[in-house]
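Read-outs throughout are calculated quantities, based only on the coordinates presented, and are distinct from any laboratory measurement. From a predicted model like this one, the values you see are computed outputs, not experimental measurements.
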Amino acid sequence: MNNKRTEAAFLELYQRHQGPVFRYALHMSGRVETAEEIVQEVFLSLLSASNGFIEASGNLQAYLIGTARNMLRNRFRQQRNIVQDEPSTSGAELFEALSQEQELQELRAAVLSLPPNYREVVVLCDLEGMDYSQAAATLNCPVGTVRSRLHRARAILSAKLKKRMRCTA
């Protein structure tokens with residue numbers, strides 16, 4: 001009976017936190033396959049970690065995303081660069097629908113081109129909707145660092161997107 005309770009509790013925990021961990025990994029890596037693997041590794045590590053999450057030390061979601069962050073950093077170090085898909089352009093017959101998709105792809109490409117320390121604050125604050133203190137806890141840094149990185153990341157993104165708009169006009 002105790003095993004069934006443990007399984008049910010873990011399943012509930014997984015269902016509640018899998019989405020944010022997946023989205024974080026996807027935004028940071030730009031690849032669905034990588035994000036799926038990271039989610040699996042994060043939750044497997046949670047099961048096997050004897051000295052992992054300590055409730056008194058903070059938020060479980062921040063811990064899980066922090067674990068995903070460390071796993072992604074290790075992958076980035078091993079691979080040095082994850083291949084990023086370039087935005088594709090299509091024929092004029094689907095221009096309206098594809099122009100929105102192209103803009104979204106350009107935004108994704110611009111986010112993926114940010115240095116990791118800027119990309120992660122954009123992902124956490126702008127895409128995942130975390131406030132500065134939640135992002136700071138996840139990244140294990142001061143709130144001021146999150147604010148300054150986010151400000152700088154937004155400036156870089158703005159410049160990149162303006163440059164792309166001038167090139168396509």
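Taking 0.36 nm per residue of separation and subtracting the current Cα-Cα distance, fully stretching the chain between A155 and F76 would add 26.0 nm.
Taking each residue as 0.36 nm, the span from R147 to L60 lengthens on full extension beyond its C-alpha to C-alpha distance by 29.1 nm.
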